[in-house]
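Notes follow the structure.
The values are calculated or read from the model by the stated rules, or taken from the named source; none is laboratory data. Computed from a prediction, not measured in an experiment: that's the story for all the values here. All Cβ positions, even for glycine, are placed from backbone atoms using ideal geometry, and neighbour counts span all protein chains on display. Only protein heavy atoms, including side chains, enter the accessible area calculation; ligands, DNA and RNA are left aside. Shrake-Rupley method; radii C 1.70, N 1.55, O 1.52, S 1.80 Å.
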Amino acid sequence: MSGPVPSLDRLPGDPRYWYAGLAVLLVAWPLLFGAFWARIGLGALMWIGLAQSWNMIGGYAGYLDFGHGAYFGIGAFAAGIAMAQFGYPFLVGFGLAIVVSSIVSYLVAVPTLRLTGAYFAIATWAFAESIKQTALVTGITGGTFGLSLPRSPDTFVGVPVPFAISETFFYYAMLVLCLATMALTYYLFERHEFGYRVKALRDDQDAAESLGIDTTRVKRQVYVLSCVVAAVFGSVHAWYIVYIHPNDVLAPIITDRMVIMALLGGLGTLTGPVAGGLLVFLLERLSSVFLGSTTFYLPLIGVLIMVTVLFAPSGIIGILRGEVDRDDVRKNVKELGEKFDLL
Amino acid sequence: MSGGNGSKDVPTLSATGIEAGYDRHQVLHGITFESRDGVTCIFGPNGSGKSTFLKTLNGIVPVWDGTVTYGDVDLTGAKPEEIVTHGIATLPQGGGIFGSLSVEENLEVGAFTVDDAAAIGDRKAEVLEVFPALEDKLGQKARDLSGGQQMMVSLGRAMMTGADTFLLDEPSAGLAPRLVDDAFGLIERLVDRGAQVVLIEQNVRAALRLADYVYILAEGEVQFNGPPEDLSEEDELMELYLGL
């Protein structure tokens, strides 16, 4: 089996120093660079985690889930409703996010995972849209007014919270969640027998079944797991952002981002969503900070996706691993040129 | 003919009056079938229902009517993942290689239904004994192997299940013509170890050299069954259904 993070292992010198350096940087980040960069960092960590959650079902299992963002929103509203409507502490909302997203995703899994390819994509997309529309018209979600969460106190289960409830606190919360998601993905998909089952069903479902793999069960397990992870991030996001609205936390762009990040980084790889997540999130933030809008970043992402799909289907990680074949690229460029009469 | 010099006593896989299809479209109209020692071939033109029939044997296509038994075990309506535990392994069309997994991981997936670690080790050794070319390739991704080597992985993976009976869906499909003989040579190695093979093939000429018993399907019905020697007398049938 190949190492999990080839890009770090390949750097000159002892890779342990690089890992140690990375760990120190991650921990010290908000203390070194202040609130603004803590906010950037926590956003990046959240998006890496979300991209990884999509990668579980979309990359490892090969089921293109175009409704994944719904679970981010479900998690956000579970926490929001628990805190704003019933006055429970965040932990109750966090638990509720896990319970509700497991139940909903299982109910969605049973009928939709019978479909494949575009049909699965369309069904999940429609599901997400219906969740958003429902959230817009029901009272408990605040409907079109959205939901304002109570500002969290500076104590948590009676214990004073370090850094109060600040960017720094949420940075560490997202750091823990993101690392937990990475560890879970590494263990389940790269080390555990479960990962073999998932990849086997992606590569050839009939063959997997004929070898005794209950593919229906495995598909449901991956789907529910990936949805619960998205919901967990959603619940913390709601706690952090304090005001949630269906048009924000249930927006289709949330799914789109996860798909783009995983695709650009490298589908079905552990480190792909990290690379893709960082790239897309930072591009968006930078264009918003320096250009004052995110308009420019959308066409840029479009071009990046075209380039990836055409020339490096295994994504950034594929390029780093040297999986991209120069001859293939040349062939694609030539075909494209002929098609458009460019050459 | 290879004629299973079987040291093991492999149960007979038999199907009686199988009717099946997709949605409301009936494909199989009462097929009765019995596997023989060695290689039982199923021939027939495109759309004759060969693949569908094979899929009723391994549980992928549900049976509308009729029964499937293996020895004295009733497999009618059993799921694919149950059927494999009774000793029947399937090689889907194209081999069904898990391209993103290594050769070794492919073999390990084959042993998912086996709990006994010692048995898994023994079988892996057996696979490498039958297909020594895989020894050097264990760490490679299966998708990077040649067509012939992929077929070894596919057969080896099926052996890992501990099956005695192998259902092969057009193993020669997609192979370069000069590799077809090699492919059938690989199947012979399985039979020589006492396995029973049910083989669907378009390449009738090549498969006939291996066949111990032949079924010809057309329009979802059995048109002929008998030893391959009898087939040569049925000129009309040969021409009509097999184009020979």
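When chain A is modelled as a GNM with alpha-carbon springs shorter than 10 Å, which of A:G212, A:G62, A:G315 fluctuates the most? Sorting by GNM fluctuation, first place goes to A:G212. Computed from point charges on the beta carbon alone (+1 for Lys and Arg, -1 for Asp and Glu), the dipole magnitude for the stretch B:79-193 about its Cα centre is near 300 Debye. With 0.36 nm allotted per residue and the present C-alpha distance subtracted, the A:S148-A:V99 stretch has 15.4 nm of extension available. By accessible area, using a 1.4 Å probe on protein heavy atoms only, chain A has 68% of its surface on carbon and sulfur.
Would you kindly state how much longer the chain becomes between A:L25 and A:V176 on full extension, computed as 0.36 nm times their sequence separation minus their alpha carbon distance, in nm to one decimal?
Here the answer is 52.9 nm.
The simple spin-label model puts a point 7 Å past each Cα toward its Cβ; for B:D192 and B:E82 those points are separated by 3.8 nm. The distance separating the Cα centre of the stretch B:183-225 from that of the stretch A:274-343 comes to 49 Å.
Ignore the peptide's own chain and count Cβ atoms of other chains within 10 Å of each Cβ in B:58-69; give me the average, rounded.
On the way: counts 3, 2, 4, 0, 0, 0, 0, 0, 0, 0, 0, 0.
For this peptide, the per-residue mean of nearby foreign Cβ atoms is 1.
Going highest first, how would you order A:100-107, A:194-201, A:277-284 by mean Cβ packing within 10 Å? All intermediate terms of the calculation are to be shown ahead of the outcome.
Numbers: A:100-107: 18.2, A:194-201: 22.8, A:277-284: 20.1.
Listed from highest to lowest mean packing, they are A:194-201, A:277-284, A:100-107.
Computed from Cα positions, the angle between helix A:326-339 and the longest principal axis of chain A comes to roughly 90 degrees. Helix A:15-54 axis versus longest C-alpha principal axis of chain A: approximately 80°, rounded to the nearest ten. Specify which residue in the list A:L298, A:G67, B:L237 is farthest towards the positive end of the charge dipole of the protein assembly as shown, using unit charges on the beta carbon of Lys, Arg (+1) and Asp, Glu (-1), about the Cα centre. Of A:L298, A:G67, B:L237, it is A:L298. Could you let me know the centre-to-centre spacing of the stretch A:116-155 and the stretch A:236-255, using Cα atoms, in angstrom? Each part reduced to its Cα centre gives a spacing of 8 Å.
Give me the dipole magnitude in Debye, nearest 20, for chain A about the Cα centre, with unit charges on the beta carbon: positive for Lys and Arg, negative for Asp and Glu. Please report the intermediate quantities before stating the final value.
Values: 21 positive and 23 negative charges, 67 e Å.
Approximately 320 debye in magnitude.
Bridging of A:K132 to aspartates and glutamates at a Cα separation below 18 Å is possible for A:D65, A:D248, A:D256, once same-chain residues fewer than 8 apart are set aside.
The residues of the stretch B:67-177 expose on average 38 square angstrom of accessible surface per residue, using a 1.4 Å probe on protein heavy atoms.
Per residue of B:70-83, other chain Cβ atoms within 10 Å of the residue Cβ number 2 on average. Here chain B has 43 percent of its accessible surface on carbon and sulfur atoms, given a 1.4 Å probe and all protein chains in place.
Take every DSSP beta bridge whose two residues both sit in the protein assembly as shown; close to 60 percent of them are antiparallel.
I'd like the mean, over residues of A:208-221, of how many other protein chain beta carbons sit within 10 Å of each residue's own Cβ. Spell out each step's value before the answer.
Values: counts 7, 11, 21, 18, 15, 6, 5, 2, 2, 1, 0, 0, 0, 0.
So the per-residue partner count for this stretch is 6.
For chain A, averaging the sequence separation of C-alpha pairs within contact (under 8 Å, six or more residues apart) and dividing by the residue count gives a relative contact order of 28 percent. Which one, A:V232, A:V309, A:V224, has the greatest fluctuation when you compute a Gaussian network model over chain A with C-alpha springs under 10 angstrom? Sorting by GNM fluctuation, first place goes to A:V309.
Kindly list the residues of the stretch A:26-63 that lie in the label zone of A:E193, defined by a backbone N under 19 Å from the point 7 Å along the Cα-to-C-beta vector. No residue passes the distance filter. Neighbours of A:G69 by Cβ distance under 12 Å: Lys/Arg scored +1, Asp/Glu scored -1, total -2. Within the listed set B:G47, B:G162, B:G95, the residue fluctuating most in the Gaussian network model of chain B (springs between alpha-carbon atoms under 10 angstrom) is B:G47. Rounded to the nearest 10 degrees, the angle from helix A:272-291 to the longest Cα principal axis of chain A is 70 degrees.
From the alpha carbon centroid of the stretch B:138-165 to that of the stretch A:186-211 is 15 Å. A simple spin-label model places the labels of B:W64 and B:H25 1.3 nm from each other, with each point 7 Å out along Cα-to-Cβ. Each 20 Å bin from 0 upward holds the following percent of the Cα-Cα pairs of chain A: 29, 58, 13, 0. Buried surface for the B/A pair, taken as the accessible area of each chain alone minus that of the pair with a 1.4 Å probe, is close to 1800 Å² in total.
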